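The structure under discussion appears below in the form of structure tokens.
Each reported figure results from applying straightforward, stated rules to the coordinates on display, with no laboratory input. Quick caveat: nothing in here was measured; it's all calculated off a predicted structure. Note that each Cβ is placed from the backbone with ideal geometry, even for glycine, and that neighbours are counted across all protein chains shown.
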Amino acid sequence: MSNILFTLALIPVAGLLIFIYFNDKKEKEPFGFLVSLFFLGMATSVTALISELIGTFVVATVVPETSIAYAWIKAMLIVGPAEELGKYAVLRIRTWKHKNFNYSYDALVYAVFVSLGFAALENVGYVVLGGGIITALMRMVTSVPGHACFAVFMGFFYSKAKYASLTNNKGKSAMFKALAIIVPIAIHGIYDAILMGAQASGETGVMIVSIVVWIIFLIALFVVSVILVIKSARNDFCIVTLPDEPQTQTIYRPAVMGTWTCTCGNSNQLNFCPKCGRSRPTIDNTWVCPKCGTISAYYFCGRCGTPRTTPVQQ
């Protein structure tokens, strides 16, 4: 029975990792690197547990443990931050300057592998150590996908922070780094707080309404997360310097044609829109990538990374 429970605990983790990994169409990440992120994510469960024990002890000295206020404080200010800050710390320390972080979608892959490392160990603990098959099946469609969703939002903003950093936009980079922390914490906190608050109320009516609200929230979270994954994978682009001339030629170097306005309304000087990923329209001094057909005004294709072969007109 324990082998069955162990397998059930890890099936959703494996399925979600495969989904995220194979949506990376441009350049797959090194397997060993992803495995290291997964196990580092597992390690954050230890720091999260310690932080949660300390946090709940402190809050319990001020707020009654059976109150709704305690449940919401625990979810929003203890559990969410303890778990998501640990994941972000691993993500930031291990990947920010890593040589393989060279495409925008990479951030989502990294974040999900870290988060599901945490979720895997947590799920095994809940299921194998007393939860049983019912718990395994419930968490298969709630908690594990929930952790993946938190990671998708973290990776989405983390990718934008990296992009802004490479374009020397320190203000935007700091903002997106903050969002990569705050948004997952908030979503995680709300996810836990709705049910924890309902349980603390002890009233049947409140619990029924809370469960309905929680299910709606969960469905919306799953839908938005899947859309973000698909959109990010579809608009994946190279974010690193040209290998032959790393000191001077970067994908973010302003094009010679000046500012253009994308169909989404964003104005910029790049060869593709940083907001939606669309390429600059064909005008003088542009070229078409022979590999993927993308129009570019840059020194290499912003979609697949192929270096430009035609000379730049001055």
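Among Val144, Gly189, Ser173, flag the residue with its Cα farthest along the positive direction of the charge dipole of region 2-234, charges on Cβ as +1 for Lys/Arg and -1 for Asp/Glu. Value computed over the given set: Ser173.
With a Förster radius of 22 Å applied to the C-beta separation of Glu52 and Met175, the computed FRET efficiency comes to 0.20. Label separation (Arg278 vs Val141): 3.9 nm, computed from points 7 Å beyond Cα along the C-beta direction. Exposure proxy for His188, His98: other Cβ atoms within 10 Å of each Cβ, ordered fewest to most, give His98, His188.
The label-point distance for Ile230 and Ile182, in a model that sets each label 7 Å from Cα toward Cβ, rounds to 2.9 nm. Counting 0.36 nm for each residue step from Phe217 to Phe19 and taking away their Cα separation leaves a gain of 69.1 nm.
Summarising the amide proton neighbourhood of Phe237: residues at separation of 5 or more, or on other chains, whose placed amide H is nearer than 5 Å comprise Ser104, Tyr105. What does the C-alpha gyration tensor say about the overall shape of region 1-132? Classify as rounded when a/c is under 1.5, otherwise prolate if a/b is larger than b/c, or oblate. Oblate.
Here region 33-102 is assigned +1 on the Cβ of each Lys and Arg and -1 on the Cβ of each Asp and Glu. Its dipole about the Cα centre then comes out at about 480 debye.
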